[in-house]
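The values are calculated or read from the model by the stated rules, or taken from the named source; none is laboratory data. None of the values given here were measured: they were computed from a predicted structure. Neighbour counts run over all protein chains shown; Cβ positions are idealised from the backbone, glycine included. Note: areas computed on protein heavy atoms with side chains; ligands, DNA, RNA excluded. Shrake-Rupley method; radii C 1.70, N 1.55, O 1.52, S 1.80 Å.
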Amino acid sequence: MTAIHSLAVFCGSRVGNNPAYAEAGRVLGRGLAEAGIRLVYGGGRIGIMGVVADAVLAAGGTVLGVIPEFLTQMEVAHAGATEMIVTDSMHARKQRLYEESDAFLVMPGGLGTFDEAFEIITWRQLRLHDKPILLCNVDGWARPLVAMIEHAIEQGFADPGCRQLFEVCDGVPALLRRLGSLPAGRGGPGDRF
């Protein structure tokens, strides 16, 4: 049985141009439900976020959405989520996502996904938590993100130890296998970052 009970998933509010991204979201959602891992995510019904949440729910899993008030007014909140927390800001949303999760997963996405990924990696570097961080390389999507970190290391802006702050998994099946063997990190639900 996995030590990971709640997984924050950072991913796109769009599905992207490659059908492999949405398919990866469906496979991930089914896998999380089958493993009994609660999805904790940004609360949207659109993009890969919505695909993952729909798949978790369809497979009988649990979904916690965390969404700021202004996005609910744009009608993007997922009405079918098991639980929906509405926050007053994007910062409060991210704080709650981090508090509610045992580990973090970065799936394909855009600027918001990059923001969440770099913030949670930075917080681990600063020792504000020691929860696992996984990047899912779906059809090569994560390579430029990792290359940017490598470039920062090569240019002297980041320590080589930064490579140990996250793991890259090639595809969802490898990711689900890794989730099953991960230990829980320091900084559990309810902790303040």
Quiz item: Only one of (1) under 16 Å from the mean Cα position of the chain (by Cα); (2) within 18 Å of Gly12 (Cα to Cα) fails for Pro68. Which number is that?
Solution: (1)
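Within region 31-65, restricting attention to residues that are over 13 Å from Ser13 (Cα atoms), assigned to a loop (DSSP other than H, G, I, E, B) and touching a His at 6+ places or on another chain (Cβ under 8 Å), which residue is most open to solvent (accessible area, probe 1.4 Å)? If you could, list the steps in order and put the result at the bottom.
First, the residues of region 31-65 that are over 13 Å from Ser13 (Cα atoms): 31-40, 54-65.
From the residues that got through so far, the ones that are assigned to a loop (DSSP other than H, G, I, E, B) too are 36-37, 59-62.
Next, only the ones that are touching a His at 6+ places or on another chain (Cβ under 8 Å) stay: 36-37.
Details: Gly36: 57, Ile37: 8 Å².
The selected residue is Gly36.
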Quiz item: For region 102-148, what are the residues that are in contact with a Phe, Trp or Tyr (Cβ under 8 Å, 6 or more places away or on another chain), among the charged types (D, E, K, R) and in a loop (DSSP other than H, G, I, E, B)?
Solution: Lys131, Asp139
Quiz item: For Ala184, which of the numbered conditions (1) in contact (Cβ under 8 Å) with a residue 24 or more places away in the chain; (2) open to solvent by less than 50 Å² (accessible area, probe 1.4 Å); (3) among the small types (Gly, Ala, Ser); (4) within 22 Å of Leu28 (Cβ to Cβ) fails to hold?
Solution: (2)
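Here's the yes/no breakdown for (1) without any contact (Cβ under 8 Å) to a residue 40 or more places away in the chain; (2) of a type in the set (Gly, Ala, Ser); (3) touching a Pro at 6+ places or on another chain (Cβ under 6 Å):
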site	(1), (2), (3)
Ala142	yes, yes, no
Leu145	yes, no, no
Met148	yes, no, no
Ala152	yes, yes, no
Asp159	yes, no, no
Leu165	no, no, no
Practice problem: Residues being in contact (Cβ under 8 Å) with a residue 60 or more places away in the chain and open to solvent by less than 50 Å² (accessible area, probe 1.4 Å): count how many of those fall in region 124-140. | Solution: 4
Quiz item: Could you count how many residues in region 20-30 are without any contact (Cβ under 8 Å) to a residue 40 or more places away in the chain, within 14 Å of Leu175 (Cα to Cα) and open to solvent by less than 20 Å² (accessible area, probe 1.4 Å)?
Solution: 1
